[in-house]
Amino acid sequence: MTRETREVAVPETVLPPDPAASNTSLRALLHGLPGVDEVGAKERAADLATRSIKTGAKARAIDLAIRMIDLTTLEGADTPGKVRALSAKAVRPDPDDPTVPSVAAVCVYSDRVAAAAEALAGSGVKVASVATSFPSGRAPLEAKLADTRLAVADGAAEIDMVIDRGAFLAGDYRAVYDEITAIKEACGDAHLKVILETGELATYDNVRRASWLAILAGADFVKTSTGKVAPSATLPVTLIMLEAVRDHYAATGRRVGVKPAGGIRTAKDALKNLVLVNEVAGDGWLDPDHFRLGASSLLNDLLMQRTRLSTGTYPGPDYYTLD
Amino acid sequence: MEEQADPIFEYAPAPESRAVVRLRSSYELFIDGEFTPAESGERMATLNPADEEHLAQVSVAGEPDVDRAVAAARRAFEGAWGAMPGAERGKYLFRIARILQERARELAVLETLDNGKPIKETRDVDIPMVAAYFFYHAGWADKLDYAGMGPAPRPVGVAAQVIPWNFPLLMLAWKIAPALAAGNTVVLKPAETTPLSALVFAEICQETGLPPGVVNILTGAGATGRSLVGHPGADKVAFTGSTAVGREIARSVAGTDKRLTLELGGKGANIVYDDAALDQAVEGVVSGIFFNQGHVCCAGSRLLVQESVADELLERLRARIERLRLGDPLDKNTDIGAINSAEQLERIRELVRAGDEEGAESWSPQCPLPEKGYWFAPTVFTGVTQAHRVAREEIFGPVLSVLTFRTPDEAVAKANNTPYGLSAGVWTEKGSRMLWTAERLRAGVIWSNTFNKFDPASPFGGYKESGYGREGGRHGLEAYLVHAA
Amino acid sequence: MSTPPDNPGPSSAASGEEERERAAASDAAAGSGPRVPSGRPEVHAEAAELAEPLDGAEAARPGEPAGPARSGAGVPAEAPAAGRIPVRKTYKLYMGGAFPRSESGRCYPVTGSGGAHLANAALASRKDARDAVVAARSAFSGWSGRTAYNRGQILYRVAEMMEGRSAQFAAEIAETDGIGAERADELVAAAVDRWVYYAGWPDKIGQVLGAANAVSGPYFNLSQPEPSGVVAILAPPAAPLLGLVSVVAPVIATGNTAVVVAGERAPLPALTLAEALATSDLPGGVVNILTGTTGEIAPHLASHADVNGLDLTGADPETAAELERSAAQTLKRVLRPGGREDWLADPGISRMTPFLETKTVWHPIGV
């Protein structure tokens, strides 16, 4: 079949001139989106998960997945040393194999941005920082803005913010929207990824609405999860978010990225995500500027699968670096 | 977006191994627990429709063979099988279910080779469901008193069963499982173009130790089927296939004591209201007509979409159809396989020509077809009216006719405006509208916010010229039981 | 779980092991009875005379010769002449899919029909009962949420697993009840078939008991049975295998989870059944088996507010009445003891319906 990605027409009614004029207008827009049937969405995701990616396609997909990784450490115990080690791994994932590409970014807490920026200087690997009182987001706006500005000042090229799920679930869409726009402004040139924390939004209808809300507020990426709440990035959730960015692109021509994060541990998981991107959103999203995988242990599994493909033997974990 | 010269992520071929199937050069009839040649010695070939490769020779059963098989079935009915308590009968069906599960991959590959349908479907749909049908009906064998069809249920006797080529083993399961559970014995004729999985099923019957004569498999073409359903020794006839042949069978059993159930053609309407979950509706429309190459009697071959969302839905639908992968049925990533036979391909072409000539607008994705074998690209007709042949006749192929409606009443009126009445779909997020629509549709199965779902516990069958009787569920047992007056 | 599965436990449990060793030694010293070829002891002929009258079908029928008992894998065996000391099984509780000892660290001796010591069984406590209810409750949403087809397949798998251990079950009930090998085989076969019978019900009970109701008005109205929840079962003491299977299988077939108190006199078949359950893909916690004194455990289950149903089949009438009164406080669904049960008879559906709720859904029909 043809490889082209068709644009999907969305009627003008989907995007009124000023959707964020009020809570009422935001609600009208978000609740006017087509619903998501849970069973059907899960079936579609499960069907795509049966795709069998072999040989050359698998080799290309593994390298693409490595280039899409936001290599992440988000622990209370993170030290500058830990961040430096992770940064080294991000730049050169396999010290024995220079053909392995670097990952897209290293994702750390805001007070570890400086250490990461120093370690990654000149490497092409970006520094991403979670901000806005990650993971709960429960802090005054002033604190979130300060958090964001400091991270950017320290060298973060990307900010991963969390939305106010409490406000979203309470129907105060305007509050969520305003906070995203404020953070977006504080980001300056840094790219903004907006974490929906879909595990707390509970329904796929909410995931679709929150995706559109974040996109309308200026998100460069919509991201599934903090990784601190279960369930995190499931295939159906990523499917719904890909549909949102696809439909928004068709309506406006602006291509927003998607980042599933949390729970993606194996090369198989990564490949399933790429199949979703390929078949739901299309080629336009198959690059690190528009699709990321938030993960930590995933990288080593991709490296092992890479070795398996090139040597034909199953590798063991002792042959890959820990960080 | 223009075509990418170097696709970023093109899937490499992922063929399922054929090694799991040991094809024999020729297969014989299965009568009275033994494989036996046709008395005439006549044989026919069965092909792989994906590449026209010759797969095997099978015997063509003639009247003497039908006599032998019906006599064997009678002996088994009056002998070991008829006397067996339901609980013990059920254990044979459980055994069959288990062996079907064990040999699932072999059967999936064989079915794909003989039928042309994608391995994804035989592996994930057909064969698991075949086992499920036997498992479900195994449990009924000692519970027939609870089926609620009448007091003191007894089996009918010898069942003559003729099945089609679109789901060869699944249709066998739909016929044989309830018949055996109820205590009948069977003579079954698989379709001319897809005999092989039924013959492996015969081997499975041997493997379970099923008493001889309980299941007899006669391969052959239309003449074999006619002499089977016309045989005076058959107490019950069950047929799945075209409405034309169904009529002929109904005429032939008229005036006899034979019981008859018919599962025939359809022209299912898939109604999409403007409040539907559109992405899932698109999936349902796609699976409704392109699942199994549209070789599905209950296919949603007529899309009835509310005018206010028609453009948006059709845009999404075309984009989705362009993602379908047509090709080698054994490739695990293939969504659309081969048309089952040259004859069926010709019928599809003829009706599509008629659609073009009558002024409907056809669209297909850019879709290179393999050079060998029988192939037809997914096709969508828009601008179709109720008067067009593509809106009235069963195409039995990957061809969708799109009509629009303005009000619920109009949707129901158009959906019911057909001599068929097998299936329909309703897509809406509003429960009361779904039930309102389902209540008014004259069809045996209504899928709401889903399509082409089957389950052994769920009865299946049609209204009007789509046939009579139900298969599956508690209701499906009725066809194979007689009760005290 | 208060006791980890393989925790040796406090000193009393250790002394239980020692006691068992001593009993084995004295058994070996007695050296009674001719040996069957496998080196297993034959059951004494007088074993047919039971310590207490049995009203169940598993008691030897009058006039039926006890016959030579078959040897089995599960019964403690004496050392064969060649000198190898057999490895004996420790019988523990079955809870949440694991085999813990009683948190109380207690056990009690189980004797065969002739009075010979067979093994020690855990003497479950009030706290074990509490833990079993927790295990059953936490398994409930998963088990009842599985497809009926899946539940049916798992019950059928139990039958497959039991069939493979038929000899062990037959030897155990022959020894316990002092019945002949043929009779024991018959009872084991019936118990296997009972699982097969109930394996067919999960996807049919709703079709038999459910209904689309013709209400007057534009409403869709559908009634369907649903499981009550956690059911406590007092297993019939007189029929330690067939009776047990006959009360457990219907409860879990419909999606309930169970806390079973095995008959005090003959608990060993219940624990061997637990081994079959544990290897049948049955999720942990769906069936939990306690051994011990019914009088000690049952009142706590009858009054437990997180137990939804109570099957009193194994209780004597007086105890049953008392337990039913206790169960009334939380309005448990109670199945009273039915008097003399013929466990070989067609079970029908009367053991499923007491622990099913009927849920009726209304929905308007309109554009």
_Point-to-point label distance, residue A:46-residue C:346, nm (Cα→Cβ direction, 7 Å offset)_ = 3.7
*asked:* Can you tell me the orientation of helix B:307-321 relative to chain B, as the angle in degrees between its alpha-carbon axis and the longest Cα principal axis, to the nearest 10?
replied: 70
*What aspartates and glutamates sit close enough to residue B:143 to cross-link, taking a C-alpha to C-alpha distance under 17 Å and skipping anything fewer than 8 places away on the same chain?*
B:88, B:478, C:193, C:203, C:346
_³J(HN,Hα), Karplus 6.51/-1.76/1.60, whole Hz, each residue of region B:410-416, x for Gly, Pro_ = 5, 4, 5, 4, 5, 4, 7
*asked:* So if I restrict to the alpha-carbon atoms in region B:235-329, what is the Rg, and what is Dmax, the biggest pairwise distance, in Å?
replied: 18.5, 54
*Once the Cα atoms of helix B:63-78 and of chain B are each reduced to a long axis, what angle between those two axes, in degrees from 0 to 90 to the nearest 10, is obtained?*
70
_residue A:230-residue B:430 FRET efficiency (beta carbon distance; Förster radius 35 Å; 0.05 resolution)_ = 0.60
*asked:* Past the 17 angstrom mark, what percentage of all C-alpha to C-alpha distances in region B:1-96 do you count?
replied: 72
*If we count other beta carbons within 10 Å of each Cβ, what is the order of B:436, B:427, fewest first?*
B:436, B:427
*Let me know the Rg and Dmax you get for chain B when you use only its Cα atoms, in Å.*
22.3, 73
_Spelling out what I want: for every residue of region C:173-186, take phi, set θ = phi - 60°, compute 6.51 cos²θ - 1.76 cosθ + 1.60 (Karplus), and round to whole Hz; glycine and proline get x._
6, 5, 5, 5, 9, x, 10, x, 4, 5, 4, 4, 4, 4
*Hey, what's the Kirkwood Rh for chain A if you take every pair of different alpha carbons, in angstrom?*
19.9
*Report, in degrees rounded to the nearest 10, the 0 to 90 angle that the Cα long axis of helix B:342-357 makes with the longest principal axis of chain B.*
30
*For n ≥ 4 DSSP H runs only, could you compute -39500 (n - 2.57) per run for the protein assembly as shown, divide by its residues and tell me the 222 nm figure to the nearest 500?*
-12000 deg cm²/dmol
_Cross-link reach list, lysines versus residue B:236, counting only Cα pairs under 19 Å and skipping chain neighbours closer than eight places_ = B:175, B:189, B:258
*asked:* Based on the alpha carbons, how large is the Rg to Rh ratio for the protein assembly as shown when Rh follows Kirkwood?
replied: 1.00
*What number, in percent, do you get for the relative contact order of chain B if the mean sequence gap of Cα pairs under 8 Å and at least 6 apart is divided by its residue count?*
18
*Using only the Cα atoms of region A:22-166, each taken as one equal point scatterer with no solvent, compute I(q) by the Debye sum, divide by I(0), and report log10 of the ratio at q = 0.13, 0.14, 0.17 Å⁻¹.*
-0.80, -0.87, -0.99
*Within 10 Å of each residue's Cβ, count the other Cβ atoms and sort A:79, B:46, A:313 from fewest upward.*
A:313, A:79, B:46
_Let's test this: bin the Cα-Cα distances of region B:310-419 at 5 Å from zero up to the farthest pair and state each bin's percent._
2, 11, 19, 21, 20, 14, 8, 4, 1, 0
*Straight-line reach from residue A:82: which lysines have a Cα under 18 Å away, not including same-chain ones fewer than 8 places off?*
A:126
*When ranked by the protection proxy of mean other Cβ atoms within 10 Å per residue, highest first, what sequence do the peptides B:222-234, C:287-299, B:404-416, C:257-269 form?*
C:257-269, C:287-299, B:222-234, B:404-416
_Whole-Hz ³J(HN,Hα) from phi, Karplus 6.51 cos²θ - 1.76 cosθ + 1.60, for region A:22-34, glycine and proline x_ = 7, 4, 5, 6, 5, 4, 4, 5, 5, 7, x, 5, x
*28 Å Cα-Cα threshold exceeded, pairs from A:268/B:430; A:228/B:430; C:204/C:332; B:267/B:430; A:268/B:117; A:54/B:117*: A:268/B:430; A:228/B:430
*asked:* How would region A:94-240 be classified by its alpha-carbon gyration tensor: rounded, prolate or oblate, with rounded meaning a/c under 1.5 and the a/b versus b/c comparison settling the rest?
replied: oblate
*Taking the simple approach of a point 7 Å from Cα along Cα-to-Cβ for both residue B:364 and residue C:85, what is their distance in nm?*
8.1
*Take B:111, B:102 and order them by how many other Cβ atoms sit within 10 Å, fewest up front.*
B:102, B:111
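No value in this document is a laboratory result; all are computed from the given coordinates. Note that this is a predicted model, so its numbers are computed, not measured. A quick note on method: Cβ atoms are made from the backbone with ideal geometry, for glycine too, and the neighbour counts reach across all protein chains shown.
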